[in-house]
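Colleague: After the structure tokens below, expect a handful of questions from me.
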Amino acid sequence: MNDRNEYEEKKSAKNNTGFYIALAICIVTIAAAAWTTYGSVTEYRQKTAEETSSPASEVKVNNDVSGQKYESSVAQIPVKDESSEISVEESSSEQSVESSIQESVLVSEVSKVDDPTQPVEKGTIIKIFSPKNPIKSNTTSDWRTHHGIDISAKNGTAVHAVRNGTVKSVYNDPMLGNVICIEHSGGYTAYYCGLTETPVVREGNTVYSGDTIGYIDIVPFEVLDESHLHLEVKKDGEYVDPTKLF
């Protein structure tokens, strides 16, 4: 009986040893498989990272199609050259500024052209130049010669230089009111009479055709006539018809 028990114990111990050996083999196998899988995953991640970090201008094309291997190729993606666009925009901007400057200079040069200009816009001559034949004055009720012309204009209306010239003097005359005397080209001297007390120009100023020099006010010796500009012009010291200037 004791021999049988001893036999059973040895058999049980042998069986246990076989079980543990089999268990150990399984564990080793599982560990090996896990390590192999980990290695594959790590390699895949590294490969993916390398592909992702490649330049944005290149995209790798898959060379494995339906099990067939092809030579790897690279698709070129055009990169937008922003620097060239900026250069074009800057160039256009510079050209625009240069063009504006040229236009401004051109306008300035045109404004200096000595073209005749009406002394008063939309004014009409209400009393003509008459140095020999007397004309009756509404203010003095007598007949007298008229050495200039009267151009209708409301008080405050702008008076313009009829041509380019230089302001010779600015003064007040008891008969003519406030006067601006301008020496124009061609040897003409014009007297713009009956202007406001405060002139726009001063003695020595250069004026160009069409420039505003003053504003309509009162001509004392013609105060009973409708509001107007009294304009006289001399050449070589003699009165001439002012309409020769414009």
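Colleague: Can you sort T140, T189 from fewest to most other Cβ atoms within 10 Å of each residue's own Cβ?
Modeller: Details: T140 11, T189 17.
Lowest to highest Cβ neighbour count: T140, T189.
Colleague: Looking at the range 125-245, how many pairs of lysines come closer than 19 Å at the Cα, when each pair is eight or more places apart or spans two chains?
Modeller: Lysine pairs, 8 or more places apart or on different chains, close enough: 11.
Colleague: Given +1 on the Cβ of Lys and Arg, -1 on the Cβ of Asp and Glu, and no further charges, what dipole in debye does the range 125-245 carry about its Cα centre, rounded to the nearest 20? Mind showing how you got there, number by number?
Modeller: Numbers: 11 positive and 15 negative charges, 52 e Å.
With Lys and Arg at +1 and Asp and Glu at -1, about 260 debye.
Colleague: Moving on to the next point. What spacing in nm lies between the two simple spin-label points modelled at T196 and N155, each 7 Å away from Cα in the Cβ direction?
Modeller: With each label point 7 Å from Cα toward Cβ, the separation is 1.2 nm.
Colleague: Need one word for the range 125-245: rounded, prolate or oblate. Basis is the Cα gyration tensor (sqrt eigenvalues a ≥ b ≥ c); a/c below 1.5 gives rounded, then a/b vs b/c decides. Mind dumping the intermediate values first?
Modeller: Numbers: a/c = 1.91, a/b = 1.32, b/c = 1.46.
Note, shape of the range 125-245 comes out oblate.
Read the figures in this text as sums done on the coordinates, not as results from a lab. Every value quoted in this text rests on a predicted model; they were computed, and no experiment measured them. In this analysis, Cβ positions are derived from the backbone assuming ideal geometry, glycine residues included, and neighbour counts consider all displayed protein chains.
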